[in-house]
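Throughout, read-outs are computed from the coordinates displayed, never taken from laboratory work. Nothing here was measured: the structure is a model prediction, and the numbers come from that model. Glycine also receives a Cβ, built like all others from the backbone with ideal geometry; neighbour counts cover every protein chain displayed.
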Amino acid sequence: MIQRRIGIIMNGVTGRMGTNQHLIRSIMAIRQQGGVALPNGEALIPDPILVGRNEHKLRALAEAHKIERWSTDLAACLANPNDSIYFDAQSTTLRAENVKAAIQAGKHIYCEKPIATNTSTALELAHLAQQAGVKHGVVQDKLFLPGLQKLKRVIDSGFFGRILSVRGEFGYWVFEGDWQEAQRPSWNYRKEEGGGIIVDMLCHWEYVLHNLFGPVKAVSCLGATHIPERIDEQGNPYACTADDAAYSTFELEGGIIAHFNSSWCVRVYRDELLTIQVDGTHGSARAGLRECKVQSRVNTPKAIWNPDIPNPIDFYASWMDVPDNTTFENGFKAQWELFLKHVVCDTPFPWTLVAGARGVQLAELGLRSWQERRWLDVPAIPTELE
């Protein structure tokens, strides 16, 4: 098989998500499997150059994974015509200016979400990319979770009848950092550094809802900073200035009501860290990261409220597993492969920077809804920006 190289500038992959999901489990995994198979019989081999500000971390990461190229000079990397894709996994506050520079250099853009700290900047990035004629995409990994792919299969089958509501529970207990080390970096809890669960998770819920159920028309969101002080990576206490929990309700096009609780201050008593329940006139489903169960109306037990006797019904018994019926790839890797094919073969890739801007918009409106304590309409963003 003929191999075809594609150079990728990977900025910010020394962080937890960039290292594990994008470098190791995506780009390196694609290289190890022999590349991405193209329709013409060629194999597309990604050739990454790692970029960042910390020379020590970059060198160590490159050596650990036998990557030949790394640099602390982004401008020089963008000037290299042999690398056609720019990927950004930095903290959100640093992203916009570097993405702009990459667009000006003619690079195709693929980046983590949120793509910017505010809607106007996010729309500017999408507009600049469209004007420059470069391919562009944003990471929307939860769409590729096995549980949500199974849920999409159930939706497409017409199983639900008319969908009524969607209920999402996401989160886990993030230790404060005193008697046990925190699982998340301290910047997540500093608003001034782009932290906060509303900014983080409403971007996810926007694309999950949009792609599975329909566009979000309105939002009501209440945030909270439940833990006011945490301990940072150096062992020093710091004040938490960003929200660590969000309780959000969304009105979707078509009348579906969705509610998502997102929290880093909740102890898990459910099957997975994310569960989504969908209720319809003909059936219901409960999806997690990997599993999905359904209950049809003919299998729905007739519950009667009577607190004076022990519950006689096993409510779990009448739910059935949706089978795998396929092999599920790592979601980040699967989307990387689709984006690489999009760049080289012009195959469809709907998750553009415009989709990323919708996520930023919903997060920004969620914050405003919390501040103003009211419902807010979500203006539609056209796919093609003027």
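Straight-line reach from residue 302: which aspartates and glutamates have Cα under 18 Å away, leaving out those fewer than 8 places along the same chain?
279, 314
For a quick check: with amide H placed at 1.01 Å from N, whose amide H comes under 5 Å from residue 37's, ignoring anything fewer than 5 positions away on the same chain?
Here 44 satisfy the definition.
In nanometres, what is the gap between the two model label sites at residue 290 and residue 313, each 7 Å from Cα along Cα-to-Cβ?
It is 3.0 nm.
List the residues of region 344-379 whose backbone N lies under 15 Å from a point placed 7 Å from the Cα of residue 104 along the Cα-to-Cβ direction.
none
Would you mind putting 195-204, 92-101, 265-274, 110-119 in packing order, based on average other-beta-carbon counts within 10 Å, highest first?
Order by mean packing, descending: 195-204, 110-119, 92-101, 265-274.
What shape does region 90-219 have by the C-alpha gyration tensor, where a ≥ b ≥ c are the square roots of the eigenvalues, rounded means a/c under 1.5, and otherwise prolate means a/b greater than b/c and oblate the rest? Write down the numbers at each step before the final one.
Details: a/c = 2.17, a/b = 1.12, b/c = 1.94.
Taking the square roots of the gyration eigenvalues as a ≥ b ≥ c, region 90-219 is oblate.
Using +1 at the C-beta of Lys and Arg and -1 at the C-beta of Asp and Glu, which of 209, 239, 199 has the Cα lying farthest in the positive direction of the dipole of the chain?
The listed residue farthest towards the positive side: 209.
How big is the antiparallel share of DSSP beta bridges in region 1-51, given as a percent to the nearest 5?
20 percent
Is region 247-386 best put as rounded, prolate or oblate by its Cα gyration tensor, with a ≥ b ≥ c the root eigenvalues, rounded for a/c under 1.5, and otherwise prolate when a/b is larger than b/c, oblate when not? Could the numbers behind the result be given before it?
Working: a/c = 2.24, a/b = 1.41, b/c = 1.60.
Because a/c hits 1.5 or more and a/b fails to exceed b/c, region 247-386 counts as oblate.
Report, in whole Å, the centroid distance computed from the Cα atoms of region 29-78 and region 281-303.
Between the Cα centres of region 29-78 and region 281-303 lies a distance of 44 Å.
What FRET efficiency would be calculated for the residue pair residue 253, residue 156, taking the C-beta separation as r and a Förster radius of 25 Å, to the nearest 0.05? Before the final figure, lay out each step's value.
Values: r = 17 Å, r/R0 = 0.70.
With R0 = 25 Å, the Cβ-Cβ based efficiency is 0.90.
Can you list the lysines whose alpha carbon is less than 30 Å from that of residue 135, not counting same-chain residues fewer than 8 positions off?
Partners within reach: 57, 66, 100, 107, 113, 150, 152, 217, 333, 341.
Between residue 327 and residue 16, what FRET efficiency comes out of the Förster formula 1/(1 + (r/R0)^6) with R0 = 25 Å and r the beta carbon distance, rounded to 0.05?
Working: r = 26 Å, r/R0 = 1.05.
It comes to 0.45.
Based on the alpha-carbon gyration tensor of region 216-311, what equivalent-ellipsoid semi-axes (square roots of 5 times the eigenvalues) come out, in whole Å, largest first?
The answer is 35, 19, 14 Å, longest axis first.
Plugging the Kirkwood radius over Cα pairs into Stokes-Einstein for region 205-252, at a temperature of 37 °C and a viscosity of 0.692 mPa s, what D comes out in µm²/s?
On the way: Rh = 13.0 Å.
Rounded, D is 252 µm²/s.
Name the shape class, rounded, prolate or oblate, that the alpha-carbon gyration tensor gives for region 1-86, where a ≥ b ≥ c are the square roots of its eigenvalues, rounded holds for a/c under 1.5, and otherwise prolate holds if a/b is larger than b/c and oblate otherwise.
oblate
Normalised by the residues of region 181-279, what does the relative contact order come to in percent, with Cα pairs under 8 Å and at least six apart?
So the answer I get is 27 percent.
Can you give me the distance in nm between label points at residue 59 and residue 267, each placed 7 Å from the Cα along the Cα-to-Cβ direction?
4.6 nm
Provide the three semi-axes, in whole Å and in decreasing order, of the ellipsoid equivalent to the chain as defined by the square roots of 5 times the Cα gyration tensor eigenvalues. Let's see the in-between values first.
Working: eigenvalues 259, 131, 92 Å².
That gives 36, 26, 21 Å for the three semi-axes.
Rg to Rh for region 18-171: what is it, with Cα atoms only and Rh by Kirkwood?
Values: Rg = 18.5 Å, Rh = 18.0 Å.
Rg/Rh for region 18-171 comes to 1.03.
What length, rounded to one decimal in nm, is gained on full extension from residue 305 through to residue 79, with 0.36 nm per residue of separation minus their alpha-carbon distance?
Here the answer is 74.5 nm.
Using Cα pairs closer than 8 Å and at least 6 residues apart in sequence, work out the relative contact order for the chain, in percent.
20 percent
Measuring from label point to label point, each 7 Å out along Cα→Cβ, what is the residue 29 to residue 334 span in nm?
Taking the two extended label points, one gets 1.0 nm.
Averaging sequence separations of C-alpha pairs under 8 Å and six or more residues apart, then dividing by the length of region 29-105, give the relative contact order as a whole percent.
With pairs under 8 Å counted, the relative contact order is 19 percent.
Just the Cα atoms of region 247-292, one point each, no solvent: what log10 I(q)/I(0) does Debye give at q = 0.28, 0.32 Å⁻¹?
-1.15, -1.19
Would you mind checking the tilt of helix 92-104 against the longest principal axis of the Cα atoms of the chain, expressed as 0 to 90 degrees and rounded to 10?
In the chain, helix 92-104 runs at an angle near 50 degrees to the longest axis.
What residues from region 36-50 fall in the zone where the backbone N is under 19 Å from a label point 7 Å along the Cα-to-C-beta line of residue 2?
36-47
If we count other beta carbons within 10 Å of each Cβ, what is the order of 28, 320, fewest first? Can you show the working numbers first?
Numbers: 28 17, 320 11.
Neighbour counts put them in this order, fewest first: 320, 28.
On a C-alpha basis, how far is the centre of region 156-217 from the centre of region 361-379 in Å? Whole number, if you could?
Answer, in whole Å: 16.
Quick one: order 107, 142 by neighbouring beta-carbon count within 10 Å, fewest to most. Please report the intermediate quantities before stating the final value.
Working: 107 27, 142 19.
Lowest to highest Cβ neighbour count: 142, 107.
Convex hull over the Cα atoms of region 311-354, averaged projected area in nm²?
One quarter of the hull surface, i.e. the mean projection, equals 6.2 nm².
Would you please give the FRET efficiency between residue 40 and residue 234, computed as 1/(1 + (r/R0)^6) with r the Cβ-Cβ distance and R0 = 51 Å, to the nearest 0.05? Please list the in-between numbers first.
Numbers: r = 53 Å, r/R0 = 1.03.
So the FRET efficiency works out to roughly 0.45.
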